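Let me begin by presenting the structure, written as structure tokens, before commenting on it.
The values are calculated or read from the model by the stated rules, or taken from the named source; none is laboratory data. Being a predicted model, the structure only gives us computed values, none of them experimental. Cβ atoms come from the backbone with ideal geometry, glycine included; neighbour counts cover every protein chain shown. Note: areas computed on protein heavy atoms with side chains; ligands, DNA, RNA excluded. Shrake-Rupley method; radii C 1.70, N 1.55, O 1.52, S 1.80 Å.
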Amino acid sequence: HEKNLTIILSSSAIVSTISSSTLIWMIVRSPERLTTTRHRILFGMAVGDIIYSLSIATYGAMLPSDVDYWIWNAHGNQTTCNVSGFMTIVGMLMSCLYSCSLNIYSLAIVKYNKTDSYIRTKMEPFLHAVPIVMSLAFGFALLATRGYNHDGLGCIAPTYDPPHCHGIEDGQVREGFEIPCGRGGLPSSIIASVVFSIIVFWSPTTTSVTLGMMHRHVSRQERRMGRYGERALNHSAPQENDNTPAAVSVDGSNGINNMMRSIATSVNRTFGRLSSRSTSNQNNSTSRVVMVRARAYTIAFFLTFSWYIVFLVFGIVGRETPLALMYLNVIFAPLQGFWNLMIFMYPKVMKAKRSRGGNLSWCQATTEAFCPAINRWRERRTAKNDEREIPQGEEEKLEIPADQERQGDTELVASSLPRDVRPGSEEEKTEIEA
């Protein structure tokens, strides 16, 4: 199964690389470009996914040739294995930590109502620094401790222990091979355990907790708005009975003044509550949109890394990994870029579909969302072909004057008119026009 697993893994990685590159292209050519914090975080996440996907998109060619008896298409050496492992760790950590940054950014908007300027100046530097600095730091630490070794499908094993090293002491090189057995050892194992704890525990915990906090806040806010709206409808103005001073002295000047003041106070309270309610509804709607978007990216994160996390857990406890889990891992592990692109483009596709009254097919709406110029060019070409087309076999079809074509953009066919109407006189032309 090693050949099949390698082919599936690299094919999924190529799909994710293309998807993340497309996501970067869509962000850069969007009206906002990289002026928003969300776009910059998605840009960093896409870069991390590209680095990770490229490291495993070589169909095993960068794996050391020492294991070519075991792994299909292994034509590399230890240097290529180091490069592949470094890119894998850096890209994987960047993708995981940027997913956490995206959820923390969403939480700041939904729960804490932080402004864009506050997020940009106070929070965003850390949202980028933590993924980039930690990824590079652990990447170089594993490189310094010789922690990039072949592990079956990649080069991220902290210790080199292929089948031909069984029974060989650490540091020895078996005849016919080049890489010493037991390469790496304890220092790289400690660093690798920290890296894998970030992937297995800290990243899923952070994304789950932040999403739960957002969901709880939005739910409580909606329930509170429901109760507030009911009170606003039932008690929007103070009730007065016949014993109030305003009612008793309504005939006097003081009574008129008190009555006008009471009316003004009631109007101000009513419109103030309506304005406050409108603002609260708008804020609640924005919070729900941000929360739903964060939930979608969180689901994408778990679709990508859940299988790899379970795969690592099986390795940690020393149990043999089921073959079905291995296939699920190689299919989904590189696909975060694909899920991110789908989430980013879905609102644009729906907007394109609604813009034509739902007349566009899903394929046309997708084309319109990805490249509106293609549909515009197609429409212009169709319009020109319609103008140049000369009907054949319809002797009674009439041509519309240019001024009428500009006004109504319709065609008049003689067969649709009464039999006694023929073009010629002004009256007949008037009837045709009517």
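Could you check, for segment 104-125, whether at least one of its residues is open to solvent by less than 10 Å² (accessible area, probe 1.4 Å), among the hydrophobic types (A, V, I, L, M, F, W, C) and under 28 Å from residue 189 (Cα atoms)?
No; the residues of segment 104-125 include none that is open to solvent by less than 10 Å² (accessible area, probe 1.4 Å), among the hydrophobic types (A, V, I, L, M, F, W, C) and under 28 Å from residue 189 (Cα atoms).
If you take the residues in segment 344-379 that are surrounded by 11 or more Cβ atoms within 10 Å (Cβ to Cβ) and at pLDDT below 75, which one is nearest to residue 29 (Cα to Cα)?
Ranking the candidates gives 372 first.
Just the residues that are open to solvent by less than 20 Å² (accessible area, probe 1.4 Å) and within 16 Å of residue 158 (Cα to Cα), please, taken from segment 50-91.
Matches in segment 50-91: 63, 64, 81, 84, 85, 88, 89, 90.
All but one of (1) of a type in the set (Asp, Glu); (2) open to solvent by 70 Å² or more (accessible area, probe 1.4 Å); (3) part of a helix (DSSP H, G or I) hold for residue 320; state the number of the condition that does not hold.
Residue 320 satisfies all of (1) of a type in the set (Asp, Glu); (2) open to solvent by 70 Å² or more (accessible area, probe 1.4 Å); (3) part of a helix (DSSP H, G or I) except (3).
List every residue pair whose Cβ atoms lie under 8 Å apart, where the two residues are 6 or more positions apart in sequence or sit on different chains, the first residue falls within segment 375-389 and is closer than 22 Å to residue 353 by Cβ, and the second residue, located anywhere, is at pLDDT 70 or above and not basic (Lys, Arg).
375/364; 375/367; 375/368
Against the condition within 30 Å of residue 295 (Cβ to Cβ), touching a residue at least 12 places away in the same chain (Cβ under 8 Å) and surrounded by 21 or more Cβ atoms within 10 Å (Cβ to Cβ), how does residue 142 come out, does it pass? Write out each step before concluding.
Working: within 30 Å of residue 295 (Cβ to Cβ): no; touching a residue at least 12 places away in the same chain (Cβ under 8 Å): yes; surrounded by 21 or more Cβ atoms within 10 Å (Cβ to Cβ): yes.
Against the criterion (within 30 Å of residue 295 (Cβ to Cβ), touching a residue at least 12 places away in the same chain (Cβ under 8 Å) and surrounded by 21 or more Cβ atoms within 10 Å (Cβ to Cβ)), residue 142 does not qualify.
Going by what's in this entry, would residue 94 be described as under 28 Å from residue 5 (Cα atoms), under 23 Å from the mean Cα position of the chain (by Cα) and open to solvent by 10 Å² or more (accessible area, probe 1.4 Å)?
yes
For segment 164-217, give me the residue count where each residue is assigned to a loop (DSSP other than H, G, I, E, B) and either surrounded by fewer than 14 Cβ atoms within 10 Å (Cβ to Cβ) or hydrophobic (A, V, I, L, M, F, W, C) (or both).
Qualifying residue count for the region: 13.
List the residue pairs whose Cβ atoms are under 8 Å apart, where the first residue sits in segment 124-138 and is within 18 Å of residue 105 (Cβ to Cβ), the second is in a helix (DSSP H, G or I) and polar (S, T, N, Q), and the two are 6 or more positions apart or on different chains.
Within 8 Å, the pairs are 124/37; 127/37; 127/101; 128/101; 130/101; 131/101.
Considering each of 383, 402 in turn, give the residue that is surrounded by fewer than 16 Cβ atoms within 10 Å (Cβ to Cβ) and modelled with pLDDT of 50 or more.
None of the others qualify; the one that does is 383.
For segment 307-335, what are the residues that are of a type in the set (Gly, Ala, Ser) and free of Cβ contacts under 8 Å to residues at least 40 places away in the same chain?
Within segment 307-335, 315, 318, 324 qualify.
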